[in-house]
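Novice: Sharing a structure, written as structure tokens. Questions coming.
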Amino acid sequence: MARKLLLEHINVPGIHTFDVYRKQGGYRSVEKALKSMSPDDVVEEVKKSGLRGRGGAGFPTGMKWSFLAKPEGKARYLVCNADESEPGTFKDRYLMTYIPHALIEGMIVSSFALGAKTSYIYVRGEMMPQIRILEKAIDEAKNAGFLGKNILGSGYDLELYVQPGGGAYICGEETALIESLEGKRGNPRIKPPFPAISGVWGCPTVVNNVESIAAVVPIINDGGDEYAKVGIGRSTGTKLISASGNLNKPGVYEIELGLPVEEFIYSDEYCGGIANGKRLKAVVAGGSSVPILPANLVLKTVSGESRLMSYESLAEGGFQSGSMMGSGGFIAFDEDQCIVRNTWNFSRFYHHESCGQCSPCREGTGWMEKVLHRLEYGHGKMSDIDLLVDVSKKIEGNTICPLGDAAAWPVASAIRHFRDEFEWHVSNPKEAMERNYGIGNYADPLPANEVPVAN
Amino acid sequence: MLRVTETEHVDFSSELLSKFGEIVKRYPEGKHKAALLPILHLVQAEYGWLSPASMERVAGYLDLKPIEVYEVATFYTMFFLRPQGKYVLEVCRTGPCCLVGAEKIMEHLENKLGVKEGEVTADGQFSWRGVECLAACGMGPVLQIGPEYTFHENLTSESVDQLLVDLKNKDLSI
Ligand SMILES: Cc1cc2nc3c(=O)[nH]c(=O)nc-3n(C[C@H](O)[C@H](O)[C@H](O)COP(=O)(O)O)c2cc1C
Ligand code: SF4
């Protein structure tokens, strides 16, 4: 069994309550940090751990913390990003639902490290049940003396609040999240200034994903060096992977970074293979925003090496033949799925979620949605395919926030790897309405008789 | 649930006002605008939607211009600017859920309720719509039901039928 650092106790009955969580060793990291470490010591351990942000960008957490400005007389804030809205990603919901104290504990230690006296957990508004769970967990922690004034007699004060969003993917972008927290529309800010200098109410602010903050707990308990021993190369530690689509056992899995993709998909410890005895056609490995890969390229890199679940390996080959770790939203497509339809669906998503500030994003996402819709519904032209590539290039890099890129990449990569399927939609419009293209000849790395690990 | 028409005068109950008061305390002095989203959620849970009159009352309470409330209420998808059914069924329509049958579930719901997306059934009980990713892709297809936002996973036509029966028979709440 692989090592678990976040979900080790997930199956203990009652683990969502303070008492049971505490009995399993919960809140030790708060005791350790507040009684025997300085805030800078905590930051140092997180740096040593090599932890990289789990929200999508993979930026080293310790480094981000060390950038936080500390001007005299100004409050500093830690805001947890629990907006989780990237299609394919549902790990934060899982963690908050089943082991909410892991997040609360991480928030206390992280807030201490950053010198924040008030911290917020910004939860997407749809997760009302999780908001209630977190509020209860906060009450329990407060009653036990882990929040409020003079925590454990250390002289450190912290108040922790849950803030609901209102339903908007863009509020997962950290500056949009800050705007939303301030009670405004979720329009991303132009950077610089970065939140580390000017964030919530103009004060220095760190925004971190739920999983990043929960990972601080094992880092402080065991030390950053111990954490860095797990994983592979610069991809240290464990990662929660949200597995969805046509898998036998979709769900949230904690993996050690470096696990082969093939093992993740086919072994019984993880997803147990493709559902209904079908074959794998494609994978979106890191949430809807990252490039889609055909099965052959997701299992092996172009140089023929086995692809691993790590930041580096998933990105190997660049945009030509690789993808990205992103938020760890692993979406598997079986042989009967239509790439054109899915690309249209994702485009509609980005068009719907664009905040509308930048013309390339606002107009371009709408344009891509329209063109993909006509391709999917049998009215497309051959030239539409290059038109899509052209529009995606004009969005990419020309917008205030990365949502524009996130909208462009899925379209560009789908055409890069599945162009024949797009062309087939144009040349056989009637047939394309009646049946799917199938697995094609590009995406079949595992002939049925040579199937893998688990079988 | 209370219903207000657009022209009606809205007076928030003292219970609701005391909840507002608790929320405002979460932010530093002078930063009470941050209470806007949480307060709009409470107002919507009480009335079922955000009428112009109720938004103006919120503006008055937080000492904001009405436009500051409207611009927020119109930005976020969770806020309803028109009356809805008593239960609002929201089905995830994004990619991963579609890989496992979300489109069929929406079709089924439309036929079963006999109203189009966004419309309210004649008895005022139900409305439905497709929404973007609800962060439950591995349990798809999924739907949530406002105002409590109870969550229902791994949907089939049969489980949707059962859900509608349950909702009709009793008030569903967590
Ligand atoms: C459009 C968009 C949506 C995002 N959504 C999320 C999200 O739901 N959750 C999250 O943690 N980060 C999200 N991010 C990334 C955040 O901007 C930010 O990088 C992250 O919260 C930083 O935390 P980390 O360093 O711990 O990963 C999103 C970014 C963009 C551009
Ligand atoms: S890229 Fe899109 S979502 Fe981001 S700020 Fe510009 S318009 Fe808004």
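The values are calculated or read from the model by the stated rules, or taken from the named source; none is laboratory data. Worth saying up front: this structure is predicted, and the values here are computed from it rather than measured. As a convention, Cβ positions derive from the backbone with ideal geometry for all residues, glycine included, and neighbour counts pool all protein chains shown. Each accessible area value is taken on the protein alone, full model and side chains, heavy atoms only, with ligands, DNA and RNA left out. Shrake-Rupley method; radii C 1.70, N 1.55, O 1.52, S 1.80 Å.
Novice: Among the numbered conditions (1) in contact with a Gly (Cβ under 7 Å, 6 or more places away or on another chain); (2) at positive phi, tell me where A:Gly245 comes up short.
Specialist: (1)
Novice: Given the criteria touching a Phe, Trp or Tyr at 6+ places or on another chain (Cβ under 7 Å) and polar (S, T, N, Q), does A:Ser288 qualify? Spell out how you get there, then give the answer.
Specialist: On the way: touching a Phe, Trp or Tyr at 6+ places or on another chain (Cβ under 7 Å): yes; polar (S, T, N, Q): yes.
When the stated conditions are applied, A:Ser288 passes them.
Novice: In addition: Within 16 Å of ligand 2 (Cβ to nearest atom) and either surrounded by 24 or more Cβ atoms within 10 Å (Cβ to Cβ) or within 14 Å of another protein chain (Cβ to nearest Cβ) (or both): which single residue out of A:Pro188, A:Pro164, A:Pro192 fits that description?
Specialist: On the way: A:Pro164 fails: within 16 Å of ligand 2 (Cβ to nearest atom); A:Pro192 fails: either surrounded by 24 or more Cβ atoms within 10 Å (Cβ to Cβ) or within 14 Å of another protein chain (Cβ to nearest Cβ) (or both).
From the options A:Pro188, A:Pro164, A:Pro192, the qualifying one is A:Pro188.
Novice: Within region A:277-295, can you find the residues that are away from ligand 1 (no atom under 16 Å from the Cβ) and open to solvent by less than 30 Å² (accessible area, probe 1.4 Å)?
Specialist: Hits for region A:277-295 are A:Leu280, A:Lys281, A:Ala282, A:Val283, A:Ala285, A:Ile292, A:Leu293, A:Pro294, A:Ala295.
Novice: In addition: Kindly list the number of the only condition in (1) within 16 Å of ligand 2 (Cβ to nearest atom); (2) open to solvent by less than 40 Å² (accessible area, probe 1.4 Å) that fails for A:Ser323.
Specialist: Condition not satisfied by A:Ser323: (1).
Novice: Let me ask something else. Checking the condition among the small types (Gly, Ala, Ser), under 30 Å from A:Leu403 (Cβ atoms) and either assigned by TED's automatic domain parsing to the domain that holds A:Arg76 or surrounded by 14 or more Cβ atoms within 10 Å (Cβ to Cβ) (or both), which residue from A:Gly50, A:Gly25 passes?
Specialist: Values: A:Gly25 fails: under 30 Å from A:Leu403 (Cβ atoms).
Going through A:Gly50, A:Gly25 in turn, just one is among the small types (Gly, Ala, Ser), under 30 Å from A:Leu403 (Cβ atoms) and either assigned by TED's automatic domain parsing to the domain that holds A:Arg76 or surrounded by 14 or more Cβ atoms within 10 Å (Cβ to Cβ) (or both): A:Gly50.
Novice: Continuing with the same structure: Which one of these is at pLDDT 95 or above and out of contact with any helix residue (DSSP H, G or I) (no Cβ under 8 Å at 6 or more places or on another chain): A:Ile108, A:Ile138, A:Ile131, A:Ile121?
Specialist: Values: A:Ile108 fails: out of contact with any helix residue (DSSP H, G or I) (no Cβ under 8 Å at 6 or more places or on another chain); A:Ile138 fails: out of contact with any helix residue (DSSP H, G or I) (no Cβ under 8 Å at 6 or more places or on another chain); A:Ile121 fails: out of contact with any helix residue (DSSP H, G or I) (no Cβ under 8 Å at 6 or more places or on another chain).
Only one candidate passes the filter, namely A:Ile131.
Novice: Could you please tell me which pairs satisfy a Cβ distance under 6 Å, a separation of 6+ or placement on different chains, a first residue in region B:136-155 that is at positive phi, and a second residue that is open to solvent by 10 Å² or more (accessible area, probe 1.4 Å)?
Specialist: Cβ pairs passing all conditions: B:Tyr149/A:Met128; B:Asn154/B:Met139.
Novice: Condition test on B:Ser127, is it among the polar types (S, T, N, Q), open to solvent by less than 10 Å² (accessible area, probe 1.4 Å) and not assigned by TED's automatic domain parsing to the domain that holds B:Leu42? Reasoning before the result, please.
Specialist: Details: among the polar types (S, T, N, Q): yes; open to solvent by less than 10 Å² (accessible area, probe 1.4 Å): yes; not assigned by TED's automatic domain parsing to the domain that holds B:Leu42: yes.
Judged against the criteria, B:Ser127 is a match.
Novice: Across region B:1-28, what is the number of residues that are modelled with pLDDT under 95 and acidic (Asp, Glu)?
Specialist: 3
Novice: Could I ask something else about it? Working carefully through the options A:Gly364, A:Gly440, find the one that is within 16 Å of ligand 2 (Cβ to nearest atom) and open to solvent by less than 40 Å² (accessible area, probe 1.4 Å). Don't jump to the end; show me each part of the working.
Specialist: Values: A:Gly440 fails: within 16 Å of ligand 2 (Cβ to nearest atom).
From the options A:Gly364, A:Gly440, the qualifying one is A:Gly364.
Novice: Identify the residue in region A:58-70 that is in contact (Cβ under 8 Å) with a residue 24 or more places away in the chain and open to solvent by 20 Å² or more (accessible area, probe 1.4 Å) and, among all such residues, is farthest from ligand 2 (Cβ to nearest atom).
Specialist: A:Lys70
Residue by residue, here is whether (1) of a type in the set (D, E, K, R); (2) open to solvent by 10 Å² or more (accessible area, probe 1.4 Å); (3) under 22 Å from A:Glu369 (Cα atoms) holds:
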site	(1), (2), (3)
B:Ile67	no, yes, no
B:Lys86	yes, yes, no
B:Val91	no, no, yes
B:Glu107	yes, yes, yes
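Novice: Would you check if there is a residue in region A:71-88 being surrounded by fewer than 18 Cβ atoms within 10 Å (Cβ to Cβ) and either outside the structural domain of A:Tyr169 (by TED's automatic domain parsing) or part of a helix (DSSP H, G or I) (or both)? Reasoning before the result, please.
Specialist: The initial filter retains those residues of region A:71-88 that are surrounded by fewer than 18 Cβ atoms within 10 Å (Cβ to Cβ), namely A:71-75.
Then drop every residue that is not either outside the structural domain of A:Tyr169 (by TED's automatic domain parsing) or part of a helix (DSSP H, G or I) (or both), which leaves none.
So far as region A:71-88 goes, no, none of its residues is surrounded by fewer than 18 Cβ atoms within 10 Å (Cβ to Cβ) and either outside the structural domain of A:Tyr169 (by TED's automatic domain parsing) or part of a helix (DSSP H, G or I) (or both).
Novice: Can you work out which of the residues in region A:402-419 that are within 15 Å of ligand 2 (Cβ to nearest atom) and open to solvent by less than 20 Å² (accessible area, probe 1.4 Å) is nearest to the other protein chains (Cβ to nearest Cβ)?
Specialist: Step one: filter region A:402-419 for residues within 15 Å of ligand 2 (Cβ to nearest atom), giving A:402-411.
When the remaining residues are screened for being open to solvent by less than 20 Å² (accessible area, probe 1.4 Å), the result is A:403-404, A:406-408, A:410-411.
On the way: A:Leu403: 13, A:Gly404: 17, A:Ala406: 13, A:Ala407: 13, A:Ala408: 16, A:Pro410: 9, A:Val411: 13 Å.
For region A:402-419, the residue satisfying everything is A:Pro410.
Novice: Can you tell me which residue among B:Val91, B:Val131, B:Val160 is of a type in the set (Val, Ile, Thr) and either modelled with pLDDT under 95 or touching a Phe, Trp or Tyr at 6+ places or on another chain (Cβ under 8 Å) (or both)? It would help to see each step written out before you state the result.
Specialist: Values: B:Val131 fails: either modelled with pLDDT under 95 or touching a Phe, Trp or Tyr at 6+ places or on another chain (Cβ under 8 Å) (or both); B:Val160 fails: either modelled with pLDDT under 95 or touching a Phe, Trp or Tyr at 6+ places or on another chain (Cβ under 8 Å) (or both).
Just one listed residue meets the conditions, B:Val91.
Novice: Can you name the number of the only condition in (1) more than 16 Å from ligand 2 (Cβ to nearest atom); (2) surrounded by 24 or more Cβ atoms within 10 Å (Cβ to Cβ) that A:Glu256 fails?
Specialist: Unmet for A:Glu256, out of (1) more than 16 Å from ligand 2 (Cβ to nearest atom); (2) surrounded by 24 or more Cβ atoms within 10 Å (Cβ to Cβ): (2).
Novice: With respect to A:Val298, is the statement that it is within 16 Å of ligand 1 (Cβ to nearest atom), outside the structural domain of A:Gly58 (by TED's automatic domain parsing) and crowded, with 24+ Cβ neighbours inside 10 Å true?
Specialist: Numbers: within 16 Å of ligand 1 (Cβ to nearest atom): no; outside the structural domain of A:Gly58 (by TED's automatic domain parsing): yes; crowded, with 24+ Cβ neighbours inside 10 Å: yes.
Judged against the criteria, A:Val298 is not a match.
Novice: Could you identify the single residue in A:Glu226, A:Glu159, A:Glu140, A:Glu126 that is more than 14 Å from ligand 1 (Cβ to nearest atom) and at the interface with another protein chain (Cβ under 9 Å from one of its Cβ atoms)? Steps first, answer last, please.
Specialist: Numbers: A:Glu226 fails: at the interface with another protein chain (Cβ under 9 Å from one of its Cβ atoms); A:Glu140 fails: at the interface with another protein chain (Cβ under 9 Å from one of its Cβ atoms); A:Glu126 fails: more than 14 Å from ligand 1 (Cβ to nearest atom).
Testing whether each residue is more than 14 Å from ligand 1 (Cβ to nearest atom) and at the interface with another protein chain (Cβ under 9 Å from one of its Cβ atoms) leaves just A:Glu159.
Novice: Which number in (1) more than 14 Å from every other protein chain (Cβ to nearest Cβ); (2) open to solvent by 20 Å² or more (accessible area, probe 1.4 Å); (3) at negative phi marks the one condition that A:Gly115 misses?
Specialist: Among (1) more than 14 Å from every other protein chain (Cβ to nearest Cβ); (2) open to solvent by 20 Å² or more (accessible area, probe 1.4 Å); (3) at negative phi, the lone unmet condition for A:Gly115 is (3).
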